[in-house]
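A.B. asks: Let me begin by handing over the structure; questions about it come next.
The values are calculated or read from the model by the stated rules, or taken from the named source; none is laboratory data. Predicted model only: the values in this text are computed from it and were never measured. Cβ placement follows ideal geometry from the backbone for every residue including glycine, while neighbour counts extend to all protein chains displayed.
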Amino acid sequence: MNPPSPTPGAPPPAPSGPPKALLLGIGAAVLVGVAVAAFFLGRSSSGPAKGPEGQVSSGSPGTSGSAQSSVLQALPPAPGKPGQMEIPTEPVRPAFWVDVYAPGKVREALAGNAWLKEQLQKPLGKGFVGGWAAFLDTTGEDLGASFQGAVFDVMAGQFLAAPFRMVWFSGNNRAGTPALIVPEPGNATMAAFDSMSQVVRRNELTAATCPGGEGEAPSEGFTLQRWLIAEQALWAARTDDKLVFGRHPAVVLQGLCEGHLELEAPQGVDVELGFAPEPLGREAQLLTHVMGVANGIRLQFAVNGTRLVGRGISGPVADEPRLDSAPLSDELLKLIPEETPVLLALQLKLPEQLDKDTLKAFWSGKGAAVPLRTRQVAMAWTPRGDPALPTEVALVWGRPEDAAALGQLFSGPNTLESATLCGHHVLASTPDVLARLRKACEGKGPNLLNAAAPVVQGLRAPGSVSFGVNTGRLLGMLMADGYWSQVTPADSSKPRPGAAPPEIEAARRDLETLPYVGLRGTVDGNRLVPGGFGS
C-alpha cells in the first residue's frame, strides 16, 4: 500500500541529520554551477525553432493543431474555490542564496557553452533536464494562450529578465528546494504572469499570515497558484512588487514574506552566493566566528565568454581581524591530493599557547592581550553522494608543535586518525583519508603542486582565506555515488556489480572534465578583497 499523500500546502517533513560544517562550500560548487544552469539552460535542438521575426513557432501548420488539442485535453479542469494553506508555525530564515545580476549575460554564456550543448544531447543532460524539457518546450499555441512562443521564452525572457534571487531557507519546515524571487518585475512582466496564469493555473491556496507569524502579509492575505504543464507542477505567486516561484507552496509563501530586495551588482560581478551562518547551524556559526568574519560574506562569480569564473570572496571582517595574509606553502600543496574536491585554507591568528581557556577568552574578546601566532590551517573534504558512506575530511595544521593541544581540543566521541606529514599535523576522519594524504606527501600520488599552472599560481598568491573546488571530481563522484546508492547502497549486504553501466561511466567522465574553480579573500582593513583563479 502506498503511503498517504501529504495535505496540499502542508509543510514538508523535517530533514534528518545536522547540517554539514562546510555546507557553504558545497553551495559554491553546486548551487552556482547547477542551480543557475537549471533556469538558464536552453532547450534542446529538437525544440521549437525561431521564426524570421525572432518569435518561436510551435512547428509546422499541419501539426500545431494536433499538439494544441493533445495538450489541452490532458489538462485537468480549471480551479474552483481556493483552499486554505496550512501555515508553517516555525519562523524561517534565508540560509543561503544565489543572486543573478545579469540574467541575459548568464543565459547567453550557458547557451553558447560547447560542453553544455554537447551534454544536453547525452543521457547526462537529458537526465538533468528530465521532465522539465516538455514543460519548457510547451508553446502558447499548444495551450491556447494569448502569448506566443515557448514557456521557456516567457520564463527566461520576461519573468527572469531582471535580476533575481534564488534562496534556500533553513528550519524544520524547509522543503529542500529554493524559492525564486523576482523583485520589481515591471508592468510587462506582470502582464505576462497573468497571461500564463490564465491557462496553466490548476489549483489555488490562500495564506492569511507568514510562517511563524513573522513578516508582513497584506490584509487580504496571499494567493498561491499551482501551475501544471506537461505533468510538471510549479507554484507561483505575485504581489504588487515581486514574483515568487517554487516547487513547494511553503517556500513560495516564505519568499512572499521576505522583505524588499535591492539587487545591486558589485563591479565586475554577475552572480553572487551569500549565506547566513546562524540558520545553517553550529558548524557554520563556529567556522565564521573563528575566522572573525561578519554577516555579509559573498562568493562572487562573473561571466567570461561562455564560462562562469570565480571572482573571489568579499565581505566585512571583525574590527580586529583574526585572519592574516600569506601564500599557501609548497609543503601544504604537496600534502593535499590533487583530486581533493573541496579545499578551504585559512591564515588564522591564534594565541601562541593553545588551550581551551586561552582560546575561549580570545574568541570572546574578554581575555587580556596575549602573544599571537599565525597558523596555516586547511580542511580537505571529499563529499559523498551516499549517506551510508563515512565522512571523508582532514584537518591540516601548519604547526606540528600544537599536536598535543589539538588532541585535547578534538577529543570528542569521534576518533580521529593523526600523523605528522610534510611539516603539518594531520587529523583525518578515517584511515583511508590519512593514507591518501600520506601518499600525496611522499610523492606516490599527484598532489596540488601537480595541478594546472593557473591553479598552483592562484593557491600560491597571498591571501587570508582560499577556497578551491575541483568541480569535475566533485560532481563526477557525487553522480556515481548517487547511482550506486540506488543500486547497492554502501550498507547493503548485496554484492556490488563490477562496473556501472556505460552511460553512467560516460557521464562521470564528462563531468570530470569540468574546471577547477578557486576563490580567495585577502584582509584589507575591515574587509576582504576578492580574487579568483582556476583552470
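A.B. asks: Going through segment 373-428 one residue at a time, which ones are of a type in the set (S, T, Y) and not in a strand (DSSP E or B)?
C.D. replies: T382, T391, S411, T415
A.B. asks: Next question. Take the residues of segment 330-351 that are surrounded by fewer than 19 Cβ atoms within 10 Å (Cβ to Cβ) and touching a helix residue (DSSP H, G or I) at 6+ places or on another chain (Cβ under 9 Å): which is nearest to N526 (Cα to Cα)?
C.D. replies: Once the filter is applied, the top-ranked residue is P351.
For (1) polar (S, T, N, Q); (2) at pLDDT below 85; (3) in contact with a strand residue (DSSP E or B) (Cβ under 6 Å, 6 or more places away or on another chain); (4) assigned to a strand (DSSP E or B), each residue gets a yes or a no:
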| position | (1), (2), (3), (4) |
| --- | --- |
| A284 | no, yes, no, no |
| F301 | no, no, yes, yes |
| I313 | no, no, yes, yes |
| P316 | no, no, yes, yes |
| A345 | no, no, yes, yes |
| L354 | no, yes, no, no |
| T358 | yes, yes, yes, no |
| A361 | no, yes, no, no |
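A.B. asks: Test S466 against the stated conditions and say whether it is in contact (Cβ under 8 Å) with a residue 60 or more places away in the chain and within 30 Å of S314 (Cβ to Cβ).
C.D. replies: yes
A.B. asks: Same structure, new question: Scan segment 493-535 residue by residue and report those that are over 22 Å from the mean Cα position of the chain (by Cα) and touching a residue at least 60 places away in the same chain (Cβ under 8 Å).
C.D. replies: Result: E503, A506, T522, V523, N526, R527, V529.
A.B. asks: I need the full set of residues from segment 95-119 which are acidic (D, E) and more than 20 Å from the chain's Cα centre (by Cα), in order please.
C.D. replies: E108, E118
A.B. asks: Of everything in segment 429-448, what is among the acidic types (D, E) and not in a helix (DSSP H, G or I)? Give them in sequence order.
C.D. replies: Once the filter is applied, which keeps residues that are among the acidic types (D, E) and not in a helix (DSSP H, G or I), segment 429-448 yields only E442.
A.B. asks: If you don't mind, another one. Any residue at all in segment 321-328 that's in contact with a helix residue (DSSP H, G or I) (Cβ under 7 Å, 6 or more places away or on another chain), over 27 Å from P383 (Cα atoms) and not polar (S, T, N, Q)?
C.D. replies: yes
A.B. asks: Another question about this same structure. Please go through segment 449-462 and pick out each residue that is closer than 16 Å to R520 by Cα and over 24 Å from the mean Cα position of the chain (by Cα).
C.D. replies: Answer for segment 449-462, where residues must be closer than 16 Å to R520 by Cα and over 24 Å from the mean Cα position of the chain (by Cα): P454, V456, Q457, R460, A461, P462.
A.B. asks: Next question. Assigned by TED's automatic domain parsing to the domain that holds S485 and at pLDDT 85 or above: is that true of A368 in this structure?
C.D. replies: Spelling it out, it is not the case that A368 is assigned by TED's automatic domain parsing to the domain that holds S485 and at pLDDT 85 or above.
A.B. asks: Of everything in segment 328-341, what is in contact with a Leu (Cβ under 8 Å, 6 or more places away or on another chain) and in a loop (DSSP other than H, G, I, E, B)? Give them in sequence order.
C.D. replies: Matches in segment 328-341: L328, I336, E338, T340, P341.
Rundown of residues vs (1) assigned by TED's automatic domain parsing to the domain that holds F222; (2) under 21 Å from the mean Cα position of the chain (by Cα); (3) in contact (Cβ under 8 Å) with a residue 40 or more places away in the chain; (4) buried (at least 19 other Cβ atoms within 10 Å of the Cβ), yes/no style:
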| residue | (1), (2), (3), (4) |
| --- | --- |
| E141 | yes, no, yes, yes |
| G149 | yes, no, yes, yes |
| A162 | yes, yes, yes, no |
| W168 | yes, yes, yes, yes |
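A.B. asks: Just for segment 309-322: of the residues that are buried (at least 23 other Cβ atoms within 10 Å of the Cβ) and of a type in the set (A, V, I, L, M, F, W, C), which one is farthest from the chain's Cα centre (by Cα)?
C.D. replies: This residue is V317.
A.B. asks: May I pose another question? Whether any residue in segment 361-373 is surrounded by 18 or more Cβ atoms within 10 Å (Cβ to Cβ) and of a type in the set (S, T, N, Q) is what I want to check. Walk me through it before giving the result.
C.D. replies: Keep residues of segment 361-373 that are surrounded by 18 or more Cβ atoms within 10 Å (Cβ to Cβ), which gives 362.
Cutting the leftovers down to of a type in the set (S, T, N, Q) gives us none.
Scanning segment 361-373 turns up no residue that is surrounded by 18 or more Cβ atoms within 10 Å (Cβ to Cβ) and of a type in the set (S, T, N, Q).
A.B. asks: Further, regarding this structure: For segment 405-422, what are the residues that are surrounded by 15 or more Cβ atoms within 10 Å (Cβ to Cβ), in contact (Cβ under 8 Å) with a residue 40 or more places away in the chain and of a type outside the set (A, V, I, L, M)?
C.D. replies: Across segment 405-422, the qualifying residue is only C422.
A.B. asks: Okay, moving on. Which residue, of S485, S492, is surrounded by fewer than 20 Cβ atoms within 10 Å (Cβ to Cβ) and outside any helix (DSSP H, G or I)?
C.D. replies: None of the other options fit; the residue is S492.
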